[in-house]
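Peer 1: I'd like to ask you about the structure that follows.
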Amino acid sequence: MLLGTIWAQGHNRGIAVGHKLPWRIPEDFRFFKETVSNCPVLMGRVTWEACGRKPLPGCDTYVVTRNENYETPGATRCSTLDEALGKLRETQAPIAWILGGAHIYAETQKYCDICVITHVDMTPDNADVFAPQLDDDWETWARSPQTGSWHTSTNGIRYRYEVLTRPGTAVPRGVLPTVPDASFFNTL
């Protein structure tokens, strides 16, 4: 099983303000949904709450919290990250996705094979949640647009996708969606 992590970040690696995204990019939201669709996902309690306390459609959802009385209707509550990672492996899915938050991203980075980042062309100065600094053991597998320029959302926000992998990781065809602004990924 491959383990992937996915997030959108500004120039300062900011990913949230008060547990909410600091931007609204419909195209990226569609890319995110199609990427994780029908895959097991793991997230921390705060991310679960930010998602409305409900699992993503078609995704086996695992929520990490130390609170043994915390209820996660429709999802599996895990007391530790190790427990959650073990349950992900038991699914025998081809890939599972880490959805955050910041602590979960940082703690799972060493286990991940693929990292999908949407770079947003802005700096959310009031960001209070940040993506982890990636270690040096990542290689750029693909970018969209390929030229390093930007896509422009229907609301005017500029963004681009970057897919990083660990050395030797093969990205199976179909792992990334064929949405119009990222269809290039499926030609690789």
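The values are calculated or read from the model by the stated rules, or taken from the named source; none is laboratory data. Worth saying up front: this structure is predicted, and the values here are computed from it rather than measured. Please note: Cβ atoms are built from the backbone with ideal geometry, for glycine as well, and neighbour counts cover all protein chains shown.
Peer 1: If you go through segment 33-75, how many residues are within 15 Å of the chain's Cα centre (by Cα) and polar (S, T, N, Q)?
Peer 2: Result for segment 33-75: 5.
Peer 1: Another question about this same structure. Of everything in segment 79-93 that's under 19 Å from residue 53 (Cα atoms) and without any contact (Cβ under 8 Å) to a residue 24 or more places away in the chain, which residue is nearest to the chain's Cα centre (by Cα)?
Peer 2: Ranking the candidates gives 80 first.
Peer 1: Let me ask another. Would you check if residue 42 is out of contact with any Leu (no Cβ under 7 Å at 6 or more places or on another chain) and within 26 Å of residue 172 (Cα to Cα)?
Peer 2: Numbers: out of contact with any Leu (no Cβ under 7 Å at 6 or more places or on another chain): no; within 26 Å of residue 172 (Cα to Cα): yes.
Against the criterion (out of contact with any Leu (no Cβ under 7 Å at 6 or more places or on another chain) and within 26 Å of residue 172 (Cα to Cα)), residue 42 does not qualify.
Peer 1: Here's something else I'd like to know. Would you call residue 76 over 19 Å from residue 7 (Cα atoms), among the hydroxyl-bearing types (Ser, Thr, Tyr) and surrounded by 13 or more Cβ atoms within 10 Å (Cβ to Cβ)? Show your work before the answer.
Peer 2: Details: over 19 Å from residue 7 (Cα atoms): yes; among the hydroxyl-bearing types (Ser, Thr, Tyr): yes; surrounded by 13 or more Cβ atoms within 10 Å (Cβ to Cβ): yes.
So residue 76 passes the test.
Peer 1: Yes or no: residue 178 loosely packed, with under 15 Cβ neighbours inside 10 Å, modelled with pLDDT under 95 and among the β-branched types (Val, Ile, Thr)? Reasoning before the result, please.
Peer 2: Working: loosely packed, with under 15 Cβ neighbours inside 10 Å: yes; modelled with pLDDT under 95: yes; among the β-branched types (Val, Ile, Thr): yes.
So residue 178 passes the test.
Peer 1: Give the residues of segment 53-63 that are within 19 Å of residue 175 (Cβ to Cβ) and either charged (D, E, K, R) or surrounded by fewer than 14 Cβ atoms within 10 Å (Cβ to Cβ) (or both), sorted by residue number.
Peer 2: Across segment 53-63, the qualifying residues are 57, 58, 60.
Peer 1: Among (1) hydroxyl-bearing (Ser, Thr, Tyr); (2) modelled with pLDDT under 95; (3) closer than 23 Å to residue 21 by Cβ, there is one condition residue 187 misses while meeting the rest; what is its number?
Peer 2: So residue 187 meets the others, but not (3).
Peer 1: Quick one: which of 118, 169 is β-branched (Val, Ile, Thr) and under 19 Å from residue 29 (Cβ atoms)? Before you say what the answer is, go through the steps one by one.
Peer 2: On the way: 169 fails: under 19 Å from residue 29 (Cβ atoms).
Testing whether each residue is β-branched (Val, Ile, Thr) and under 19 Å from residue 29 (Cβ atoms) leaves just 118.
Peer 1: Another question about this same structure. Answer yes or no as to whether residue 72 is within 21 Å of residue 38 (Cα to Cα) and in a strand (DSSP E or B).
Peer 2: Numbers: within 21 Å of residue 38 (Cα to Cα): yes; in a strand (DSSP E or B): no.
Against the criterion (within 21 Å of residue 38 (Cα to Cα) and in a strand (DSSP E or B)), residue 72 does not qualify.
Peer 1: Which numbered condition in (1) part of a loop (DSSP other than H, G, I, E, B); (2) exposed (fewer than 13 other Cβ atoms within 10 Å of the Cβ); (3) not basic (Lys, Arg) is the only one that residue 82 fails?
Peer 2: Looking at each condition in turn, residue 82 falls short on (1).
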